[in-house]
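Working notes, beginning with the structure itself.
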């Protein structure tokens, strides 16, 4: 007997034919036009689209709903002058972190994760600032939430030195302590340092910690309007040098938009050698990675929410279909073929970027699914409404609306 059967499902692979999807022990066990076996639980998709659930490759979860605390100065600076003022903006946003306390952070985090469940977002790579002001308060809150929501949302906690390593005494030690507490991923933001030497040292120290503790890496690289920044290249070369291919991700990489073409092509070659992808958040800044060009080169790209009502972005619902809707406009990806790619960037391709091995609607795939109100990708992105059902690890975690 199966644990769950989704009846009368339209999938992206079956075109107009409806199928039943049988699930057992958290995996997709059978996909067929008619499954006669019974299950502990059955739901009827009624001919609507069923796909993989959504993957959010980048969210500063410790900062959600903190715009009022942080004030308007940073968000005004962040969007000025083609992001040339991003460094100043981060400094302006840093002061309020002296107020960080696990007790109020966790309440905001729960609110954001409840939205994750509502909108079928079952996997999040979640960043927590770690520095002399924030200390370990954000990491502790996210680790607590990871346990609370483990049956609904897979939370990867990233220990993130937002204010630098060379610039921020004690940040390195806080990152290592975060890993000892149980953080899943080593973060970084090397472009924020003041010299090339310090940028390289930032990359090296964080990558060496990742190797020491056997962790994946996610770094915010070149998140600034400066065509001379090359920290993404530093990271890629370090990943190859340390034999960490397939275990690192570049986040933002906005300066790529300003690179000379030859520099961009060299970067793509290195990315393929490192088996690395990129998470882009085009809705949270006036620059973004060259998403479509990267995909054409065979480099996976995912989309992220990035921020929810914090010092860098006013809005956000943890709704990856809303992110896809915004991305389709900002990336000029509005044809039917492009929309299929955009949908991949919040499901299967995003999973590939984050080194998730089995996030695919196929026999043997993980049973993390959404049953939508729509019958095709275009309308799903167009209306970006919450799913009717959300399935996580083969169990229905949201039923009806």
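The values are calculated or read from the model by the stated rules, or taken from the named source; none is laboratory data. Keep in mind that this is a model prediction, so the values were computed, not measured. Note that we place each Cβ from the backbone using ideal geometry, even for glycine, and neighbour counts take in every protein chain shown.
For the stretch 261-312, enumerate the residues that are without any contact (Cβ under 8 Å) to a residue 24 or more places away in the chain and crowded, with 24+ Cβ neighbours inside 10 Å.
Listed by number, the list is empty, since nothing qualifies.
State yes or no: is residue 103 in the same structural domain as residue 253 (by TED's automatic domain parsing), closer than 25 Å to residue 229 by Cβ and out of contact with any helix residue (DSSP H, G or I) (no Cβ under 6 Å at 6 or more places or on another chain)?
Against the criterion (in the same structural domain as residue 253 (by TED's automatic domain parsing), closer than 25 Å to residue 229 by Cβ and out of contact with any helix residue (DSSP H, G or I) (no Cβ under 6 Å at 6 or more places or on another chain)), residue 103 does not qualify.
Checking the conditions here, which among 50, 55, 6 is under 21 Å from residue 119 (Cα atoms), at pLDDT 95 or above and over 23 Å from the mean Cα position of the chain (by Cα)?
Result: 6 is the single residue among 50, 55, 6 that is under 21 Å from residue 119 (Cα atoms), at pLDDT 95 or above and over 23 Å from the mean Cα position of the chain (by Cα).
Specify the residue that is surrounded by the fewest Cβ atoms within 10 Å (Cβ to Cβ); the eligible residues are those in the stretch 313-322 that are touching a residue at least 60 places away in the same chain (Cβ under 8 Å) and farther than 17 Å from residue 109 by Cβ.
Of everything passing the filter in the stretch 313-322, 314 is surrounded by the fewest Cβ atoms within 10 Å (Cβ to Cβ).
Residue by residue, here is whether (1) surrounded by fewer than 16 Cβ atoms within 10 Å (Cβ to Cβ); (2) out of contact with any helix residue (DSSP H, G or I) (no Cβ under 7 Å at 6 or more places or on another chain) holds:
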| position | (1), (2) |
| --- | --- |
| 76 | yes, yes |
| 97 | no, yes |
| 108 | no, yes |
| 116 | no, yes |
| 121 | no, no |
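With 157, 186, 165 as the choices, which residue is under 21 Å from residue 117 (Cβ atoms) and buried (at least 24 other Cβ atoms within 10 Å of the Cβ)?
None of the other options fit; the residue is 157.
Can you list residue pairs whose Cβ atoms sit under 8 Å apart, with the first residue in the stretch 372-383 being not assigned by TED's automatic domain parsing to the domain that holds residue 6 and the second being part of a helix (DSSP H, G or I)? Count only pairs 6 or more apart in sequence or on different chains.
That search, which allows pairs on different chains as well, returns nothing.
Name the helices (runs of 4 or more DSSP H) wholly inside the stretch 72-148 in which the number of residues that are within 24 Å of residue 193 (Cβ to Cβ) is 2 or more.
Result: 73-78, 86-94, 137-148.
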